Amino acid sequence: MPSRTAQIRFVSSHPEVYEPCDDSFALVDALLADRTNLLEHRPTLCMEIGCGSGYIITSLALILGQEANGAYYMATDINPHAVKVTRETLDAHGVDAELITTDIASGLARRLAGLVDVIVVNPPYVPTPEEEVGRGGIASAWAGGENGRSVIDKILPIADILLSDKGWLYMVTLTANSPSDICRQMRQKGYASRIVLQRSTEEESLHIVKFWRDFDTQGAASDIYSVKKTGHANLVESLLSQCSQLSFWRHNNGNSS
Ligand SMILES: C[S@@+](CC[C@H](N)C(=O)[O-])C[C@H]1O[C@@H](n2cnc3c(N)ncnc32)[C@H](O)[C@@H]1O
């Protein structure tokens, strides 16, 4: 049986790109453990924010495999070297994804609002001085600012825009990030959450948190982005049109792999 996760020996690398590490492995293990649910979920569009080497988006495509029946994969990273390396990693494993060099999902949030069924993120979560955040290169792989929350707190509202009604978000967090506070924040946006994997390494205590919309508690949730309520019936049609617009956007911006 072909491997269900990316093989480290086929994962490409670059001195300025984060190499798969304990956090990457924990996220992939969580996805693997949730495989049956993911297949039943029948995702149409899956996205990784901050793809680094491509280990996770490649693994997700392999985990879902043919059984996901034509799921479409996308990944972003602010580091252009990461996008190039991710392309090489995907190619080495015979899987494909649309790759975009951008800040979180900038330029995509409006077009893909309410269309993404699965988002995976291993964000820069290490507590650092605020001025280290977004410096570019390899430092942007870990520098998370105060409590490691600077980038995480920007990703959460964007994930809320992108996720479909049935969308799931899997995110790596550290104890120092206060995962319970992140869950509380997402609860206010109408999401339930669960820690699906917890792992302590010599250096850190990692939590992989899964979020999904909880319609029982969503009455109070914000309706600012009403654009995302496209309805499931329009999903595929909408996605196809978004994807062709995306190719157009990529072509005209010339910054994707
Ligand atoms: C901890 S690394 C994870 C890399 C890879 N996903 C993995 O798990 O091995 C975080 C990644 O997020 C990217 N990143 C940091 N800030 C970002 C931002 N504002 N928008 C998009 N990507 C970002 C970094 O360049 C880096 O590749």
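Being among the acidic types (Asp, Glu) and either closer than 11 Å to LEU60 by Cα or within 14 Å of the ligand (Cβ to nearest atom) (or both) is not true of GLU40.
ASP23 passes every criterion in (1) within 9 Å of the ligand (Cβ to nearest atom); (2) over 24 Å from LEU108 (Cα atoms); (3) touching a helix residue (DSSP H, G or I) at 6+ places or on another chain (Cβ under 8 Å) apart from (3).
Yes/no matrix, rows are residues, columns are (1) crowded, with 23+ Cβ neighbours inside 10 Å; (2) aromatic (Phe, Trp, Tyr); (3) in a strand (DSSP E or B); (4) touching a residue at least 24 places away in the same chain (Cβ under 8 Å):
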position: ARG87; (1), (2), (3), (4): no, no, no, yes
position: ASP91; (1), (2), (3), (4): no, no, no, no
position: ILE100; (1), (2), (3), (4): yes, no, yes, yes
position: ASP103; (1), (2), (3), (4): no, no, no, yes
position: GLY107; (1), (2), (3), (4): no, no, no, yes
position: ARG110; (1), (2), (3), (4): no, no, no, yes
position: GLY114; (1), (2), (3), (4): no, no, no, yes
position: ILE119; (1), (2), (3), (4): yes, no, yes, yes
position: PRO123; (1), (2), (3), (4): yes, no, no, yes
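Okay, residues lined up against (1) out of contact with any helix residue (DSSP H, G or I) (no Cβ under 8 Å at 6 or more places or on another chain); (2) at pLDDT 95 or above; (3) within 14 Å of the ligand (Cβ to nearest atom):
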position: VAL118; (1), (2), (3): no, yes, no
position: TYR125; (1), (2), (3): no, yes, yes
position: ILE138; (1), (2), (3): yes, no, yes
position: TRP142; (1), (2), (3): yes, yes, yes
position: ILE155; (1), (2), (3): yes, yes, yes
position: ASP165; (1), (2), (3): no, yes, no
position: MET171; (1), (2), (3): no, yes, yes
position: THR175; (1), (2), (3): yes, yes, no
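Only a single item in (1) more than 12 Å from the ligand (Cβ to nearest atom); (2) buried (at least 17 other Cβ atoms within 10 Å of the Cβ); (3) part of a helix (DSSP H, G or I) is not met by SER59, and it is number (1).
Taking VAL151, is it within 15 Å of the ligand (Cβ to nearest atom), closer than 19 Å to MET74 by Cβ and assigned to a helix (DSSP H, G or I)? So that I can check it myself, show each step before the final result.
Values: within 15 Å of the ligand (Cβ to nearest atom): yes; closer than 19 Å to MET74 by Cβ: yes; assigned to a helix (DSSP H, G or I): yes.
Considered against the rule, which asks whether it is within 15 Å of the ligand (Cβ to nearest atom), closer than 19 Å to MET74 by Cβ and assigned to a helix (DSSP H, G or I), VAL151 comes out as yes.
One line per residue, one yes/no per condition, for (1) crowded, with 22+ Cβ neighbours inside 10 Å; (2) outside any strand (DSSP E or B); (3) of a type in the set (Val, Ile, Thr):
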{"position": "GLY167", "(1), (2), (3)": "yes, no, no"}
{"position": "TYR170", "(1), (2), (3)": "yes, no, no"}
{"position": "THR173", "(1), (2), (3)": "yes, no, yes"}
{"position": "ARG184", "(1), (2), (3)": "no, yes, no"}
{"position": "ARG187", "(1), (2), (3)": "no, yes, no"}
{"position": "ALA192", "(1), (2), (3)": "no, no, no"}
{"position": "GLU203", "(1), (2), (3)": "no, yes, no"}
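In the set (1) under 16 Å from the mean Cα position of the chain (by Cα); (2) under 30 Å from GLU202 (Cβ atoms); (3) in a helix (DSSP H, G or I); (4) of a type in the set (Val, Ile, Thr), VAL83 fails one condition alone, (2).
Does GLY65 satisfy being more than 14 Å from the ligand (Cβ to nearest atom), closer than 24 Å to LEU38 by Cβ and in contact with a Lys or Arg (Cβ under 8 Å, 6 or more places away or on another chain)? Can you show your working first?
Values: more than 14 Å from the ligand (Cβ to nearest atom): yes; closer than 24 Å to LEU38 by Cβ: yes; in contact with a Lys or Arg (Cβ under 8 Å, 6 or more places away or on another chain): yes.
Criteria met by GLY65.
The values are calculated or read from the model by the stated rules, or taken from the named source; none is laboratory data. Model, not experiment: these values are computed from the prediction. All Cβ positions, glycine included, derive from the backbone under ideal geometry; neighbour counts span all protein chains shown.
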